[in-house]
Amino acid sequence: MIECAVRWSEPLPAEPRFLALLDELEQGRYANYRQDIDKRRFLTGRVLAKTVAAERLGLAVEAVSFDATCEDCGKPHGRPKVPGAPLMLSISHSGDLIGVAATAGTPVGLDVETATRRAEDSLMEYALTPAELAAISGLTDDQRATAFFTYWTRKEAVMKATGKGLKIPLQSITFSGYDEQARLVRSTHEALDPDRTRLADLKATEGYRAAVALITSDDISVTEDFSPL
């Protein structure tokens, strides 16, 4: 059984005690955001991830340093890692909710989306496979939006777990019904094998949909915690 822990938080205030946890590169990324909410989401994601890493590795949070070098371009916007540590992390945010998923080395991807906005038909046709579109036909607008964001978060989560992101076409992966236990049914992309992919839809909080994915053939156990930092 592979364990995955998900920690949620609201956006933190830009207080010195939190800002002090950002290293020089992270300070630069923080400063580059123009909107205050974007700054706070980035800050919260880093502080939350460092807090989780510190707890799991037995370190002081101030001692946690990330390497977020992108494998493709070399810029510091890749998956955050603690060099040499058996730990995998994934950060996601939407609206006023920020989350971090952590495992003891199993590739993991987390995605959260606000589910209160309308999902346009064009976006659904772009993102969903024919089988998924058929599954949501006949639903009311609100039901379709909820179903769509269930599929969307599953897709984003598995793509993040591979480390390839949107290089994997959305329509190359098909999932079980939006109202069924999350499962990758079919993939035409070599990076994803249904037999080696495990998912869970998450509770998150009211007004949001979220999912976590792990690249493993083992069963998974996922816990969620929403606690202030």
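The values are calculated or read from the model by the stated rules, or taken from the named source; none is laboratory data. The model shown is predicted, which means the values in this text are computed figures rather than measured ones. As a convention, Cβ positions derive from the backbone with ideal geometry for all residues, glycine included, and neighbour counts pool all protein chains shown. These accessible areas exclude ligands, DNA and RNA; they are computed on the full protein's heavy atoms, side chains included. Shrake-Rupley method; radii C 1.70, N 1.55, O 1.52, S 1.80 Å.
Checking each residue in the stretch 174-229 for being of a type in the set (Phe, Trp, Tyr) and open to solvent by less than 20 Å² (accessible area, probe 1.4 Å) picks out only Phe175.
Taken over the stretch 81-127, the criterion of being among the hydrophobic types (A, V, I, L, M, F, W, C), touching a residue at least 40 places away in the same chain (Cβ under 8 Å) and not in a strand (DSSP E or B) is satisfied by Ala104, Ala115, Ala127. Out of all the residues in the stretch 37-73, which are among the charged types (D, E, K, R) and either within 24 Å of Val108 (Cα to Cα) or open to solvent by 50 Å² or more (accessible area, probe 1.4 Å) (or both)? Across the stretch 37-73, the qualifying residues are Asp38, Arg40, Arg41, Arg46, Lys50, Glu55, Arg56, Glu62, Asp67, Glu71, Asp72.
Has the stretch 128-150 got at least one residue that is in contact (Cβ under 8 Å) with a residue 12 or more places away in the chain, among the small types (Gly, Ala, Ser), part of a loop (DSSP other than H, G, I, E, B) and open to solvent by 30 Å² or more (accessible area, probe 1.4 Å)? The answer is no; no qualifying residue exists. Among residues of the stretch 157-196 being of a type in the set (D, E, K, R), in contact (Cβ under 8 Å) with a residue 12 or more places away in the chain and part of a loop (DSSP other than H, G, I, E, B), the one that is nearest to Ala213 (Cα to Cα) is Arg183. Every listed requirement among (1) surrounded by fewer than 16 Cβ atoms within 10 Å (Cβ to Cβ); (2) assigned to a helix (DSSP H, G or I) is met by Arg34 save one, (2).
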